[in-house]
Amino acid sequence: MNYPFWIAIGLLMLGLYTMIAHKNLFKKFVGMSVFQTAIILFFMLTSVKRGADLPIVSAGAVGASGFMNPLPHALMLTAIVVAVATAGLALGILIRLHATYGSLEEDVIAAGPAPADAPPAPGAR
Amino acid sequence: MGAHLPILPVVLPLVGAMLVPIVTLASRRAAWPLAVGAGLLATVAAGAGLVSVALHGTTRYAVGGWPPPWGIEVVLDPLSAFVAVTVAGVSTVGLLAAGPAAERLPRHAPAAFYALALIGLTGFLGMVVSGDLFNVFVFLEIASISSYALVASGGGPALPAAFRYLVLGTVGASFYLLGVGFLYALTGTLNMADLATRVAGQHASPLFVGGVAFVTVGLAIKMGLFPLHGWLPDAYTHAPAPVAVLLAPVGTKAAAYALARTLLYVLRPSDLPVATILAWTGAAAILVGGVLALRQTDARRLLAYSSVSQMGYIALGFGLATPAGLAGAYLHILNHALMKAALFLSVGAAALQGRGPAVHALGLGRGMPVAAACAVVAGLSMVGVPPFGGFFSKWYLLEGTVGAGEPVLAGVILAGSLLALGYMYRFTEEVWLGGSGASPTPAEDAPKGGHAAPGAGGTPGATPSAVAIGLVILAAVTLAAGLGNVALVGVLAPVTGLR
Amino acid sequence: MDLPSPLPGLALAPAALALPLIVLSRRRPAVRETWSVLASVLQTALVLAMLPAVRDGARLVWAPASLAPGVPLALRADALGVFFATVASALWVLTTIYSIGYTRALDERAQTRYFGAFALCLFSTVGLALAENLLTFFLFYELLTVATYPLVIHKQTHAAVLAGRLYLAYTLTGGAALLGAVAWTYALAGRLDFAPGGILGGAAAPPAALWALFVLFALGFGVKAAVVPLHTWLPVAMIAPTPVSALLHAVAVVKAGVFGFLRLVGFVFGPGLLDDLGAATALAALGGATILLGSLAALAQDDLKRLLAFSTVSQLSYILLGAALGTPEAFTGGVLHMATHAVLKITLFFCAGAIYVTAHLERVSQLDGIGRRMPLTMAAFAVAAFMLAGLPPGAAFVSKWRLLVGAAEAGAWIAVGVFLVSTLLNVAYFAPIVLRAFAGGGGPRVAMAEARPAVLVPLLITAAAGVVLGLQPEAGHLLGLARAVTADVMGAP
């Protein structure tokens, strides 16, 4: 039973569920982060080999098959950077959203911006 | 320089994006020509690439000199060069026409707009020329993040639309990444050509099936293919007009290209029902998008659902996978980009004068002859009236469905034309009504093309020349794409098989 | 004998060049109108230049480019194409002069758009007449739809815009059906060119498929050819200015639909295949029904132009019935009727327009005594109506007689009956107008007041042409051309 694989899948499902089920936009964002993390985790699982060493050349080097695959780690660094950038943008949008609408709940936002802060609410959406 | 030609379309906009904030320190008005110049250079580079491919065949370029399959490869073949020229060209026209609207933005906003737009262009072009699956993901995200930010720059209702776009877009890109992960686990390589050979015998493996599934779903989300299009209507409706002109024609096309490249040339899952699913989903998209577009009163939302419908044509062509079907789908990538850009631009032109966004309030017929004429041309192309480009992509798709013995799909293509007639007619009917037509309603969700002109009662002002030039270029190329469709099909022949 | 020649392409040039010139000279009406007149005259001359070669059985080919792989953008002037192009172009000359008078008299708005659209319409008409293959034909056919739209909504009233909507809905839907049919034909036959005797003969397809294909084509052409029940747009489109109704909706657009049917019967399916399928009978039945229903509807109309519209609906199906009957005489009669009906119907419309311009009357019930006020106009109307009913020695008698003979030859006695009943119905709805115009109304004597010369002269010319055609069908080589078409299609005149 490949536990790490199922944990990654479990986190993925959890993240998806959170994005769909919760009405609060920040919680959706958290769900999205968990979802992205799960995928990163999954990718990294592809680098693991039984009994393999860290992919750092040292005196006791045994050849490529004795090292873990470093490529997924490198790829995932990029993916993490992407996730961070996305997170930064998402949080920035959330801050502006809160300033305009006064709330981060989906249904409140759908009803229109808060009268005090923003242009008059438009007609029926 | 010639040796580095394949990478230039990606590098030039990136350099431009980095220069934009610097030049704006010196002069606020320098950002626009810089952006247009960067776009133009990228288009020229992509065009040179297309010519080179037509003359010499596929060109491969190893980034940083690292040889594939370990290094990242940039590949210019007929399809990628064709789509690159489309993306770069339409984006450049969009940047050109964005000038008047961007000028009205406060303080540093224009610089941010152009920088983000150029980063987005970098991303889209990078997706198109990349020969490595993970590289596609990276550039996909680069383009997407800039898209989310550009949509959000509209403020007000654009914010929840941008957030939704962000979440759904990230889900899509992450699914793509997951799929790539499956395929990497299966084959150990990320290079497209290498993976194509390695995956050939592995179709039975669950990793293959999973990889195909996730890649397809992920890219379908980014492409806006029904039923995964949820982010599209709100994003296109509430985005500022210049942003819509940049994003709507190009973004979904780059994702469609990625889908075609990955499914049809790398993975080729002939024993899985992927092609059938794509074709019928495309058919559903054509009909659903068209019907929903008919019911819209907001012009931008109408165009958004129209995009959903038109992406269905492209998916249908991919699903048919016959030479004619592919030729039709690829031509439609070009034609739809041109049509959508022209239509969103005419809405933007109306917005600059404080009109719209309701369809009946656009007032295209009043004092905006260029916008009106180009909107009519785009509408005719959308309906599929010859000799405009839109007719020919439909003709090839029709040929493909009839040749494949699928009368229902052929009927759907024709029904789609009629639906397009229905919604485009309302769009352009205003052109003929001249003096009549309701007055615009500025309070209702005014398009963020910049602040509405004072006296927003629909005072007919002149369309700024940049916008007019952009519209004319798009309309002219639409006609040229139609009359010259044989030349285009000839260029694409190596990847479609249609002579 | 296919001879390469620039003439077909040149024939397109006058109208194509006229359009930008008209737009550019929009501020100088005299110059602008000159372009229209020049273009129409030049176009007619160029089309007539192709007559000699075509009458001898040659075909002039001009294929400058490729439309799609395997399908060229090509014009091939054969007997049928030159026949239609001649009729349309010659009548354009007269309509232009008439239009100038008409629009000036009414001080119409948007005249540049009007004349420009007319030029584009005639460009499209010649293009589809001379088209070598179905795809080129389709291109010009749809262009014709688009070009006529601004003319239909010309008045820009609410009613006009609604009429335009209906017009587009019908014609573009028909266009979609036609496109499907063209694509299917390409898949079945591997080619799209118009070949005498048809190109579907060798297609490996079950009869049901060929029937379905035929139905699609019929839908596509049937809208423009105003076949019942696809005819509804035609009476509604009468809201357009009368010259538009005259040229386009009596000559160019509707004849384009009928022309499409002739191409379908003679050059795509072929009379033999249609007969085998039984589709010929279906087409004949459809044509016959339209003839009768159109005439019956005309009886009930009070609006003069709507009456003429229903009369057109009815008369167009004479051609369809002729084509469907399958005998040489009937086919020749049908083709000839394209020309005779055009000349006569345009006369009637011109008269209606003249009445509107001078007396501002549109309804039949208002026309009592108009004959005394406008004797020349009403005389022309009477002559044209009389001839259109098919009574000798009118122009339409020439075509109708051949249709009758052809029907008898085919043993199609129902068709013979339909033609005869239709003649009676024609008389029934035209005679009251003529009688009341001259004999009706009892009021004080009104001074004679014809329309201005630019409006009056064209209608006199067309009426005279009708008389001439009736007495001498070989005038303008029309009968010879019609015979050549039949020879093409059936192998015997």
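The values are calculated or read from the model by the stated rules, or taken from the named source; none is laboratory data. Quantities reported herein were computed from a predicted structural model and do not represent experimental measurements. All Cβ positions, even for glycine, are placed from backbone atoms using ideal geometry, and neighbour counts span all protein chains on display.
Restricting to the stretch A:1-57, name every residue that is among the acidic types (Asp, Glu) and in a helix (DSSP H, G or I).
Selection gives nothing.
So which of C:Leu188, C:Leu192, C:Leu200, C:Leu210 is touching a residue at least 24 places away in the same chain (Cβ under 8 Å), facing chain B (nearest Cβ under 10 Å) and within 20 Å of B:Thr401 (Cβ to Cβ)?
Of C:Leu188, C:Leu192, C:Leu200, C:Leu210, the one residue that is touching a residue at least 24 places away in the same chain (Cβ under 8 Å), facing chain B (nearest Cβ under 10 Å) and within 20 Å of B:Thr401 (Cβ to Cβ) is C:Leu188.
Hand me the list of helices (runs of 4 or more DSSP H) wholly inside the stretch C:227-287 holding 3 or more residues that are of a type outside the set (Gly, Ala, Ser) and over 30 Å from C:Phe115 (Cβ atoms).
C:271-277
With respect to the numbered conditions (1) within 11 Å of chain B (Cβ to nearest Cβ); (2) of a type in the set (S, T, N, Q); (3) loosely packed, with under 12 Cβ neighbours inside 10 Å, which one is the sole condition not fulfilled by A:Thr78?
Tallying (1) within 11 Å of chain B (Cβ to nearest Cβ); (2) of a type in the set (S, T, N, Q); (3) loosely packed, with under 12 Cβ neighbours inside 10 Å, A:Thr78 fails exactly one: (3).
Listed residues C:Val41, C:Val87; which is without any contact (Cβ under 8 Å) to a residue 60 or more places away in the chain and either among the acidic types (Asp, Glu) or not in a loop (DSSP other than H, G, I, E, B) (or both)?
Residue meeting the stated conditions: C:Val41.
Pull up the stretch C:367-415, narrow it to residues that are more than 23 Å from C:Leu469 (Cβ to Cβ) and among the β-branched types (Val, Ile, Thr), then point me to the one that is surrounded by the most Cβ atoms within 10 Å (Cβ to Cβ).
It comes out as C:Ile370.
A quick yes/no check of all residues on (1) at the interface with chain B (Cβ under 9 Å from one of its Cβ atoms); (2) aromatic (Phe, Trp, Tyr); (3) more than 16 Å from B:Leu177 (Cβ to Cβ):
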site: A:Trp6; (1), (2), (3): no, yes, yes
site: A:Leu11; (1), (2), (3): no, no, no
site: A:Thr18; (1), (2), (3): no, no, yes
site: A:Lys28; (1), (2), (3): yes, no, yes
site: A:Thr37; (1), (2), (3): no, no, no
site: A:Phe42; (1), (2), (3): yes, yes, no
site: A:Thr46; (1), (2), (3): yes, no, no
site: A:Ala52; (1), (2), (3): no, no, yes
site: A:Ile56; (1), (2), (3): no, no, yes
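Kindly list the number of the only condition in (1) over 28 Å from B:Asp132 (Cβ atoms); (2) buried (at least 16 other Cβ atoms within 10 Å of the Cβ); (3) touching a residue at least 40 places away in the same chain (Cβ under 8 Å) that fails for A:Ala83.
Going through (1) over 28 Å from B:Asp132 (Cβ atoms); (2) buried (at least 16 other Cβ atoms within 10 Å of the Cβ); (3) touching a residue at least 40 places away in the same chain (Cβ under 8 Å) one by one, A:Ala83 breaks only (1).
Of the residues in the stretch B:120-163, how many are in a helix (DSSP H, G or I), more than 9 Å from chain A (Cβ to nearest Cβ) and either surrounded by fewer than 24 Cβ atoms within 10 Å (Cβ to Cβ) or more than 18 Å from the chain's Cα centre (by Cα) (or both)?
The total comes to 5.
Going residue by residue through the stretch C:147-155, is there one that turns out to be surrounded by fewer than 22 Cβ atoms within 10 Å (Cβ to Cβ) and of a type in the set (S, T, N, Q)?
no
Scan B:Ala420, B:Ala415, B:Ala373 and give me the residue that is modelled with pLDDT of 85 or more, among the hydrophobic types (A, V, I, L, M, F, W, C), under 30 Å from B:Thr281 (Cβ atoms) and surrounded by fewer than 24 Cβ atoms within 10 Å (Cβ to Cβ).
Exactly one of B:Ala420, B:Ala415, B:Ala373 is modelled with pLDDT of 85 or more, among the hydrophobic types (A, V, I, L, M, F, W, C), under 30 Å from B:Thr281 (Cβ atoms) and surrounded by fewer than 24 Cβ atoms within 10 Å (Cβ to Cβ), namely B:Ala415.
Quick one: in the stretch C:147-176, of everything that is within 24 Å of C:Pro72 (Cβ to Cβ) and in contact with a Leu (Cβ under 6 Å, 6 or more places away or on another chain), which residue is nearest to the other protein chains (Cβ to nearest Cβ)?
Per the criteria, the residue is C:Ala176.
Please verify whether B:Gly224 is within 14 Å of chain A (Cβ to nearest Cβ), among the small types (Gly, Ala, Ser) and either more than 30 Å from B:Leu343 (Cβ to Cβ) or buried (at least 24 other Cβ atoms within 10 Å of the Cβ) (or both), treating the condition exactly as stated.
no
Any residue that is under 22 Å from the mean Cα position of the chain (by Cα) and touching a residue at least 40 places away in the same chain (Cβ under 8 Å) - is there at least one of those in the stretch C:1-8?
Within the stretch C:1-8, one or more residues are under 22 Å from the mean Cα position of the chain (by Cα) and touching a residue at least 40 places away in the same chain (Cβ under 8 Å).
State the number of residues belonging to the stretch C:129-146 that are away from chain B (no Cβ under 11 Å) and either surrounded by fewer than 18 Cβ atoms within 10 Å (Cβ to Cβ) or more than 18 Å from the chain's Cα centre (by Cα) (or both).
3
In the stretch B:168-250, which helices (runs of 4 or more DSSP H) lie fully inside it and hold 2 or more residues that are touching a Phe, Trp or Tyr at 6+ places or on another chain (Cβ under 7 Å) and more than 28 Å from B:Ala102 (Cβ to Cβ)?
Counting at least 2 such residues, we get B:206-223.
Of all residues in the stretch B:462-499, count the ones that are assigned to a loop (DSSP other than H, G, I, E, B), of a type in the set (A, V, I, L, M) and either away from chain C (no Cβ under 11 Å) or touching a His at 6+ places or on another chain (Cβ under 6 Å) (or both).
1
Among all residue pairs at least 6 apart or on different chains, which show Cβ distances below 6 Å where the first residue, located in the stretch B:263-280, is in contact (Cβ under 8 Å) with a residue 60 or more places away in the chain and the second is of a type in the set (Val, Ile, Thr)?
B:Leu267/B:Val212; B:Pro269/B:Val212
Can you confirm whether the stretch C:239-260 contains a residue that is surrounded by fewer than 24 Cβ atoms within 10 Å (Cβ to Cβ) and closer than 13 Å to C:Arg306 by Cβ?
yes
Take the residues in the stretch B:423-439 that are in a helix (DSSP H, G or I) and either away from chain C (no Cβ under 11 Å) or farther than 17 Å from B:Ala372 by Cβ (or both); name whichever of them is modelled with the highest pLDDT.
Among residues in the stretch B:423-439 that are in a helix (DSSP H, G or I) and either away from chain C (no Cβ under 11 Å) or farther than 17 Å from B:Ala372 by Cβ (or both), the one modelled with the highest pLDDT is B:Tyr423.
Condition first: within 22 Å of B:Ala337 (Cα to Cα) and facing chain C (nearest Cβ under 7 Å). Now tell me which residues in the stretch B:400-422 satisfy that.
Result: B:Leu414, B:Ser417, B:Leu418, B:Leu421.
State yes or no: is B:Ala173 modelled with pLDDT of 95 or more, more than 9 Å from every other protein chain (Cβ to nearest Cβ) and within 18 Å of the chain's Cα centre (by Cα)?
The answer is no for B:Ala173.
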